[in-house]
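The values are calculated or read from the model by the stated rules, or taken from the named source; none is laboratory data. All values derive from a computational prediction rather than experimental measurement. Positions of Cβ are generated from backbone atoms using ideal geometry, with glycine treated the same way; all protein chains shown enter the neighbour counts.
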Amino acid sequence: MIPPLRTELLRRVQRVPLFAELDRADLAGLLDGAALLRLPHRHTLFRPDQSADTLHIVLDGHVELSRQTGGRRSVVEVAGLDALLGDEAVFGDGRHGTGARVLAGATVLAIPAGPFRTRLAERPDLMRQLLATMSLRLRGMLRQIAELKLKTTAQRLGGFLLTLTADDDGPARLRLPYDKRLVAEQLGMQPESLSRALTRLEAVGVTAADDGCLEVEDLVRLRAFCAEEDDA
């Protein structure tokens, strides 16, 4: 399935937090039977309550994760580069708790869950290593959720903008990776709240350009605003 790109793919997959501590030989065994998939806009990877027979790693593009709540579909997360999808189902009850749909095209690595689980059953040491990594990830996610609850909508949006650049300081010109409605849902706010948050960020040097990009005058200033504990 992937021999011509095996070395390159192994390097890419080692960037996924769950697999970062595995050596290349063990990782290659877990990827046995994996296939590269280039998927179009709105392609459905899986639906809620569907049997989890594949793990997916996002190598390019974005995938929307959503669930139905009270008859309404809500976005749980928009997964991007190096995100691992389906691990909670594969390691849990075997059924997906969310649906996953491709946004504007994506490249994913599909890993068959059956051989993956078999290899882990044969190597308890690998299973313990992955479980330890998953535990650390979970604690980190819980900490992030707790911190987000203390932030204003403008701070949440500012924090999201900071993830769109690798620069630490200076000015930046950013483009939202998907439409504002999805950004709002991902950040737990209504679209109109997102618009108000953008207006509030003007006070710390974030402005909208004519081409739809956002210009940040000073990333350090924006980061300081997002870290404030008492935002009057």
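If I filter segment 9-32 down to residues being charged (D, E, K, R) and over 19 Å from the mean Cα position of the chain (by Cα), which single residue comes out as nearest to Met134 (Cα to Cα)? Out of the qualifying residues, it is Glu21.
When you check Thr153 against the structure, is it exposed (fewer than 13 other Cβ atoms within 10 Å of the Cβ) and either touching a residue at least 24 places away in the same chain (Cβ under 8 Å) or not hydrophobic (A, V, I, L, M, F, W, C) (or both), yes or no? Answer is no for this residue.
Whenever a residue of segment 179-193 is under 12 Å from Val78 (Cβ atoms), its partners that are among the aromatic types (Phe, Trp, Tyr) and assigned to a helix (DSSP H, G or I), lying with C-beta atoms within less than 9 angstrom and at least six residues away or across chains, give the pairs Val183/Phe160; Gln186/Phe160; Leu187/Phe160.
Residues in segment 163-191 that are within 15 Å of Ala208 (Cα to Cα) and either assigned by TED's automatic domain parsing to the domain that holds Gly105 or in a helix (DSSP H, G or I) (or both): Lys180 alone. Checked against (1) under 22 Å from Asp87 (Cβ atoms); (2) in contact (Cβ under 8 Å) with a residue 60 or more places away in the chain; (3) not in a helix (DSSP H, G or I); (4) not aromatic (Phe, Trp, Tyr), Gly105 passes all but condition (1). Tell me the residue from Arg73, Arg38, Arg42, Arg67 that is in the same structural domain as Leu120 (by TED's automatic domain parsing), out of contact with any helix residue (DSSP H, G or I) (no Cβ under 7 Å at 6 or more places or on another chain) and assigned to a loop (DSSP other than H, G, I, E, B), please. Going through Arg73, Arg38, Arg42, Arg67 in turn, just one is in the same structural domain as Leu120 (by TED's automatic domain parsing), out of contact with any helix residue (DSSP H, G or I) (no Cβ under 7 Å at 6 or more places or on another chain) and assigned to a loop (DSSP other than H, G, I, E, B): Arg42.
Here Leu142 clears all of (1) assigned to a helix (DSSP H, G or I); (2) touching a residue at least 60 places away in the same chain (Cβ under 8 Å) except the condition numbered (2). Under the condition of being touching a strand residue (DSSP E or B) at 6+ places or on another chain (Cβ under 9 Å) and not hydrophobic (A, V, I, L, M, F, W, C), the residues counted in segment 153-169 number 2. For segment 188-196, the count of residues that are touching a strand residue (DSSP E or B) at 6+ places or on another chain (Cβ under 9 Å) and of a type outside the set (Gly, Ala, Ser) is zero. Of all residues assigned to segment 192-209, none qualifies as being surrounded by 18 or more Cβ atoms within 10 Å (Cβ to Cβ) and at pLDDT below 90. Residue under question is Arg173, and the condition is that it be basic (Lys, Arg) and crowded, with 17+ Cβ neighbours inside 10 Å; does it hold? No. Considering every residue within segment 113-136, establish whether at least one is closer than 21 Å to Leu182 by Cα, modelled with pLDDT of 90 or more, in the same structural domain as Glu21 (by TED's automatic domain parsing) and surrounded by 11 or more Cβ atoms within 10 Å (Cβ to Cβ). No: segment 113-136 contains no residue that is closer than 21 Å to Leu182 by Cα, modelled with pLDDT of 90 or more, in the same structural domain as Glu21 (by TED's automatic domain parsing) and surrounded by 11 or more Cβ atoms within 10 Å (Cβ to Cβ).
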